[in-house]
Amino acid sequence: MSSVRRPILAACALLTGLLTACTGIVERQPGTRLAVLNAGGTSLGYVNTGEVSRELRGTVAVEDGVDLATLNGGRAVALTLRKGLQQRDVNLQNPQDFPALTPTPCLVQTAQSAARDRLLTLSQCVENGPQTLALYNADLSLVWTTTLSVTPPIPSTDIPPTRLAVRGDTGIIARAALGGGSEVVVVSRRLQTDPVQDGTPLVGTPQPSAAIRDLAPFGDLIYAATDSGVRPLLTTGVPDAQTAVAAFGNARVDRLWAGLSGTRTLLAAWRDAALSGNGTEPLRLWDGTRTTAAPDVAQFANLRDVTLDLNGNLYALTPTTLTGYDTVLGLNQSTWSPALLLGNLNDARALTWLVSAQ
């Protein structure tokens, strides 16, 4: 940018409070670090969005990595390994283990609350075998754990996946049901008035449901990706058959991601291209209020993960690439300003945002 243009833009920003109102141009804010689980879950590294480098830095070897989540306002990362949960600092060092589960777990996924103060993780060592849920606080303390029996579903070509969600001290697991569709189990911490006070949670009766493809927290709600659009969960844990997010329509959605980006919470939805039979499918983004069709961010053939940072950016991870998009410009002007951050990844699995080390 020329030395002449800088003061012009600065003056315009002072007058309007918004650079986009003057020029339609927003410079990416420095300070976001993106942690990436790469190489099939065996390598963890980071990239700083404000730097020119397009290589993963600070890489460390990990064993059977599964997922990543942001902790402590971006100053730490939760790393889900098959053998347990770890917290690491922004440099991906100083691992601290969450309380271990017994027997040795086989963690397959972890969900985080909208407030980022709870982590719900699932251990399942054998397909269709028992499922152990564990709820942790972000301070590494264990809230509760319980083991659920599983009734294997009838084999079919499109069995709903197992998905988790957490809100406060309540965990939700949606899994394939014997007779088709999904079933939802709600697990919650017992009230002080409950006569049973042995540390075990209260496990609800499985509730039959339409097929649930994914779950995501959005403010005080949890949304479900279903074959008829994106729907909020009722208190029973099942999707509301009478209410859908109009911006996503009534077509099938397979994946959801939510997060605070800038000053608002956003919800991203994607139809898995491998399941739809199309070459690519659009990633769509909802601002929580729009009733017209949610805009397309970009088309993807294989989307592994999405994260939304506090600076108003969305980052999309494929097996080989990491690309950033400007949600402020995209939602307001349909200009997403894509920026390729990494282009040489190898079977990347998960992504989350952190703050750069000072």
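The values are calculated or read from the model by the stated rules, or taken from the named source; none is laboratory data. Quick caveat, the model's predicted, so the values are computed rather than measured. Glycine gets a Cβ as well: all are built from the backbone with ideal geometry, and neighbour counts include every protein chain shown. Only protein heavy atoms, including side chains, enter the accessible area calculation; ligands, DNA and RNA are left aside. Shrake-Rupley method; radii C 1.70, N 1.55, O 1.52, S 1.80 Å.
Please give the length that would be gained between Asp347 and Asp194 if that part of the chain were fully extended, namely 0.36 nm times their separation in residues minus their C-alpha to C-alpha distance (nm, one decimal).
That pair, Asp347 and Asp194, stretches by 50.4 nm at full extension.
Show me, for segment 78-86, the HN-Hα J-couplings you get by feeding each phi into the Karplus relation (A = 6.51, B = -1.76, C = 1.60, θ = phi - 60°), rounded to Hz, glycine and proline as x.
9, 10, 8, 10, 4, 8, x, 9, 10
Rounded to the nearest 10 degrees, what's the angle between the helix 5-16 long axis and the longest principal axis of the chain, both from Cα atoms, 0 to 90?
In the chain, helix 5-16 runs at an angle near 60 degrees to the longest axis.
I'd like to check one number: the per residue accessible area of segment 102-211, probe 1.4 Å, reported in Å² as a whole number. List each step's numbers first, then the result.
Details: 5450 Å² over 110 residues.
Counting only protein heavy atoms, the per-residue value for segment 102-211 is 50 Å².
Treating the beta-carbon of each Lys and Arg as +1 and of each Asp and Glu as -1, no other charges, what is the dipole magnitude of the chain about its Cα centre, to the nearest 20 debye?
Values: 27 positive and 29 negative charges, 115 e Å.
Using Cβ point charges on Lys, Arg, Asp and Glu, the chain gives about 560 debye.
What accessible area per residue, rounded to a whole number of Å², is obtained for segment 212-273 using a probe radius of 1.4 Å?
36 Å²
Return the carbon/sulfur percentage of the accessible area of the chain, one whole number, probe 1.4 Å, all protein chains in place.
Answer for the chain: carbon and sulfur cover 52 percent of the accessible area.
Among Leu310, Asn346, Phe300, pick out the residue whose Cα is farthest towards the positive end of the charge dipole of segment 282-356, where Lys and Arg carry +1 and Asp and Glu carry -1 on C-beta, about the Cα centre.
It is Phe300.
Springs between alpha-carbon atoms under 10 Å, Gaussian network over the chain: tell me which of Ala35, Ala114, Ala274 tops the mean-square fluctuations.
Taking springs between Cα atoms under 10 Å, the residue moving most is Ala274.
Show me the ranking of peptides 99-110, 309-320 by mean Cβ neighbours inside 10 Å, starting with the highest. Each step should come with its number before you reach the end.
Values: 99-110: 15.8, 309-320: 21.4.
Answer by packing, highest mean first, reads 309-320, 99-110.
Between Val203 and Arg252, how high is the FRET efficiency from 1/(1 + (r/R0)^6) when r is the Cβ-Cβ distance and R₀ = 25 Å? Nearest 0.05.
About 0.25, to the nearest 0.05.
Given springs between every Cα pair under 10 Å in a Gaussian network model of the chain, which of Val62, Val52, Val185 has the largest fluctuation?
Val52
Select from Leu285, Phe218, Gly229 the residue farthest towards the positive end of the dipole of the chain; place +1 on Cβ of Lys and Arg, -1 on Cβ of Asp and Glu, and compute about the Cα centre.
Leu285
Quick check on the chain: helices-only [θ] at 222 nm, where DSSP H runs of length 4 and up contribute -39,500 (n - 2.57) each and the sum goes over total residues. Nearest 500, please.
Helices in the chain give a 222 nm mean residue ellipticity of -2000 deg cm²/dmol.
How far apart, in nm, are two points set 7 Å out from the Cα along the Cα-to-Cβ line at Ser53 and at Gln299?
Result for the modelled spin labels: 3.5 nm.
Could you please state, rounded to a whole Å, how far the C-alpha centre of segment 77-104 is from the C-alpha centre of segment 159-232?
24 Å
What does the charge add up to near Asn91, with Lys and Arg as +1, Asp and Glu as -1, over the other residues with Cβ less than 15 Å from its Cβ?
+2
Please get the size of the charge dipole for segment 120-217, origin at its Cα centre, with Cβ charges of +1 on Lys and Arg and -1 on Asp and Glu, quoted in debye to the nearest 20. List each step's numbers first, then the result.
Numbers: 6 positive and 8 negative charges, 23 e Å.
Magnitude of the dipole: close to 120 debye.
What residue among Val66, Val196, Val150 has the largest mean-square fluctuation in a Gaussian network model of the chain, using Cα springs under 10 Å?
Highest fluctuation among the options: Val196.
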